[in-house]
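All of the numbers you see were taken from the coordinates with simple rules; none came from a lab. None of these values were measured; they are calculated from a predicted model. All Cβ positions, glycine included, derive from the backbone under ideal geometry; neighbour counts span all protein chains shown.
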Amino acid sequence: MQNKNKTIVKSMEVLNLFLQHAKLSLNDMVELSGMPKTSIHRMAGSLEEMGLLQKNADGSYSLGLTFLQFGQLVAERLDIRQIALPVMKTLRDQVDEAVNLIIRDGDQAMYIEKLDTLHPVRLYTKIGRRSPLYAGACSRIILAYLDEQEREQYINAITLVPYASGTITDKQRLREVLAEARKNGYTVSYSELEENTASVAAPIFDHHGRICAGLSIAGPDVRFGVERLPELIHVLQEAVKRISFELGWREKGTQWR
């Protein structure tokens, strides 16, 4: 049983290589994983048989159609994504900026839905992208509404790494920004994950009144000046209210301004 478990772990390590690479040869997998070529060859064959990998005409490998099938099922079963999407479309059309839906995944936030603007100058993100909970408005709004004990445990344990010139790297400053977010019901970021970008985010609550996701409007910082922010914040907060209401949330001590 222990050997089988080791095989599963090693196979998962091989599959994880494809999170960053669309195609890999056997030699690529050997080099990136550090595993023996015989092991990689055996695992690649088994994964191909199961439909988890597919062999291309040039001999390289890519993720198989099984992942597409499972991925579609996961997407369909994420109720929040289905509920949020019509509201996100309306919001995107109102502001003509990118709209992102993010959920927590451990100590990170993950984009599970996104709608792009038609502006020629825009941000490029993708579903599945991850970011630390402390950096960027949409990630940080999730951190802001975690239970105090859980939030403090995260802050005490994390190292605040700068991703761009606006990343918050002082823990006391982070605590202050998180408190402001809880007070105001939204948070704003400038050049925190990428230079010359801006985002405003608000929380989505479930039927227990707990934070379950964040919704953001994002784009180049030149389109997020102080004169436009009140309008963006207002329409964003209306959007998260609608989504939260659909998830069963009722206004029990949690308010947006």
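With only alpha-carbon atoms in the gyration tensor, what are the semi-axes of the equivalent ellipsoid for the chain, in Å, largest first?
37, 20, 19
Where does the stretch 92-189 land on Rg/Rh, using Cα atoms and the Kirkwood Rh?
Working: Rg = 14.0 Å, Rh = 14.3 Å.
Rg/Rh for the stretch 92-189 comes to 0.98.
Short version: ³J(HN,Hα) in whole Hz for each residue of the stretch 198-204, in order, from phi by Karplus 6.51 cos²θ - 1.76 cosθ + 1.60 (θ = phi - 60°), x for Gly and Pro, what are they?
Along the stretch 198-204, the couplings run 9, 7, 10, 9, 9, x, 10 Hz.
Once amide H atoms are placed 1.01 Å from N in the peptide plane, what residues at a sequence separation of 5 or more from Glu113, or on another chain, have their amide H within under 5 Å of its amide H?
Close amide H contacts, sequence-distant or interchain: Leu101.
Can you list residues from other chains, or at least 5 along the same chain, whose modelled amide H is less than 5 Å from the amide H of Ser191?
Placed amide hydrogens put Asn196, Thr197, Ala198 under 5 Å from Ser191.
Which of the lysines could be linked to Lys37 by a straight reach, that is with a Cα gap under 23 Å, when you skip same-chain ones fewer than 8 residues away?
Excluding near neighbours in sequence, the set is Lys4, Lys6, Lys10, Lys23, Lys55.
For the chain, set up a Gaussian network in which alpha carbons nearer than 10 Å are linked by springs, and say which option among Asn100, Asn196, Asn56 fluctuates the most.
For the chain, modelled as a Gaussian network with Cα springs under 10 Å, the answer is Asn56.
Once you order the gyration tensor axes a ≥ b ≥ c over the Cα atoms, which shape class does the stretch 1-72 get: rounded for a/c under 1.5, otherwise prolate or oblate by comparing a/b with b/c? Present the calculation step by step, with values, prior to reporting the outcome.
On the way: a/c = 1.64, a/b = 1.13, b/c = 1.45.
The shape class here is oblate.
Quick check on packing: order 233-240, 58-65 by the mean number of other C-beta atoms within 10 Å, highest mean leading.
Working: 233-240: 19.4, 58-65: 14.9.
Output ranking for 233-240, 58-65: 233-240, 58-65.
Step through the residues of the stretch 98-109 one at a time and calculate ³J(HN,Hα) from phi using the Karplus curve (6.51 cos²θ - 1.76 cosθ + 1.60, θ = phi - 60°), rounding each to whole Hz and writing x for Gly and Pro.
These are the phi-based 3J(HN,Hα) values: 5, 10, 10, 10, 10, 10, 7, 9, x, 8, 10, 10 Hz.
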